[in-house]
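Notes for the one structure printed next.
Derivation of every value follows stated rules applied to the coordinates shown; laboratory data play no part. As the structure is a computational prediction, the values presented were derived from the model and not from experiment. Positions of Cβ are generated from backbone atoms using ideal geometry, with glycine treated the same way; all protein chains shown enter the neighbour counts.
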Amino acid sequence: MDENIRKVSEELDSAAPGLTHQEAIEAFRIRFLGRKGTVSALFEQLGTVPKEQRGQIGKQLNDLKNKAQGLIDAATAGQQNSVINTRTDLTLPGYPVQFGKLHPLTVVMNEMIEIFRFLGFSVASGPELEHDWYNFEALNFEHDHPARDMQDTYFIDRDLLLRTHTSPVQIRVMESQKPPIRSIMPGRVYRNEAVSARSYCLFHQLEGLLVDKNVSFVDLKTILLAFAREFFGPQTKIKLRPSFFPFTEPSAEVDVSCHLCHGKGCRVCKHTGWLEILGCGMVDPNVLKACNVDPEEYSGYAFGMGIDRIAMMRYGIDDIRLLWDNNQRFLQQF
Ligand code: DAH
């Protein structure tokens, strides 16, 4: 009898993992606890057991029956749980899904890149931690140029600094590629300036460089007008004012007619009708020479614009710090 009880107990153990659905549970119940089931059959044999052992065997049988019933109960409870879990009420109201938004700077930068790609420019990038050579020397800055002053530049040591503009990437591009070159170089730049509504210690620029045979100032004007009309609207006019940059000769600053008031004068253009958007010029022969490009054979133009300033004009943002606050209510608007 002992031996039979042990066998049935083992059978219970090996059948238990199969109790995964209602039919299997019912078959299990019939096999072990049904009227003709194995456990019931053992109970029937109890009468043949010698009296002295009956109490002890009876207890073992009860344990066996409880074990079988326990397995059935556990499996049934598991089934009910999974029924509850899979029956989702599709009519319940959903949780609102939070959508992310692109930062206004990213929106503007992507749009600029897209326009210049369309005009045939490829995108290049360079390091934000830069050598004096790339940031100043190769760009024809005099040794006593005020931009090298500690006030403007974050120096890391005598040679390394946080780039103050994206123009050093021009040098890196010319070092690594032979003309013809047609590249734009967007990126972060750093200046040691007091933070205020109008200036921040880091901002973004987009640099442009074209080097080829017979490039003229007209090519530069044409590409800038095409960009301005695409970015600010087809009615946009541009105005070039003579200026100075060490790395271009001649140099100019470019204004676009205000896209908000169309030249009539408003808060954004400070009632001038014009917005200053970039610096540009013909690449200085000294810069070409520093990059081993022969100025007798090649000429080029370059331009650089401040992305943050342009984004602020476009959206009428009057405090540059808003671009860095990560205030959701501000950022949701773009
Ligand atoms: N690097 C200049 C700046 O940060 C902007 C600039 C002016 C870039 C003229 C140019 C350029 O490529 O030709 O103010």
Added length on full extension, which subtracts the Cα-Cα distance from 0.36 nm per residue, Q22 to F118: 28.1 nm
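For n ≥ 4 DSSP H runs only, could you compute -39500 (n - 2.57) per run for the chain, divide by its residues and tell me the 222 nm figure to the nearest 500?
Taken over the chain, the calculation gives -12500 deg cm²/dmol.
Under the 0.36 nm per residue contour assumption, what length would be gained going from the current alpha-carbon distance of T91 and Q177 to full extension?
Values: separation 86, 0.36 × 86 = 30.96 nm, distance 6.15 nm.
Extra length from T91 to Q177 when fully extended: 24.8 nm.
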A77-D212 pseudo-label distance in nm [points 7 Å out on the Cα-to-Cβ vector]: 7.9 nm
For region 228-334, fraction of C-alpha pairs farther apart than 17 Å, in %: 62 percent
Cysteines, the chain, no other Cys beta-carbon under 4.7 Å: C201, C280, C291
Calculated FRET value between T222 and N110, using beta carbons and R₀ = 30 Å, to 0.05: 0.80
Cα long-axis angle, helix 2-15 against the chain (0 to 90 degrees, to the nearest 10): 30 degrees
Spin-label proximity, Q98 to region 319-334 - amide N less than 17 Å from point 7 Å beyond Cα toward beta carbon: 325-334
Amide H partners (placed H, <5 Å) of L202, local residues excluded: R191
Long-range HN-HN contacts of S122 with modeled amide H, under 5 Å: R182, S183, I184
Alpha-carbon centroid distance for the pair region 167-203 / region 1-53, whole angstrom: 82 Å
J(HN,Hα) series, region 313-329, from Karplus relation 6.51 cos²θ - 1.76 cosθ + 1.60, nearest Hz, glycine and proline x: 5, 4, 9, x, 8, 9, 9, 5, 5, 4, 5, 10, 6, 6, 7, 4, 5
Coordinate range along principal axes, alpha carbons of the chain, Å, largest first: 120, 47, 39
Table column - 3J(HN,Hα) (Hz), region 27-41, Karplus curve with 6.51, -1.76, 1.60, x for Gly and Pro: 4, 4, 4, 5, 5, 9, 10, x, 4, 9, x, 4, 5, 4, 4
Helix 217-232 vs. the chain, principal-axis angle (Cα, 0 to 90°, nearest 10): 40 degrees
Protection-proxy order for peptides 320-328, 67-75, 178-186, 251-259, each taking the mean of Cβ atoms within 10 Å per residue, highest first: 251-259, 178-186, 67-75, 320-328
Candidates G300, G34, G279, ranked by Gaussian network fluctuation over the chain, Cα under 10 Å, top entry: G34
Equivalent ellipsoid, region 2-118 (semi-axes from 5 times Cα gyration tensor eigenvalues, Å): 65, 15, 12
Using alpha-carbon coordinates, inclination of helix 104-118 to the longest axis of the chain, degrees: 70 degrees
Diffusion constant of region 76-189 at 20 °C, which comes from Stokes-Einstein with the Kirkwood Cα-pair radius and 1.002 mPa s, µm²/s: 114 µm²/s
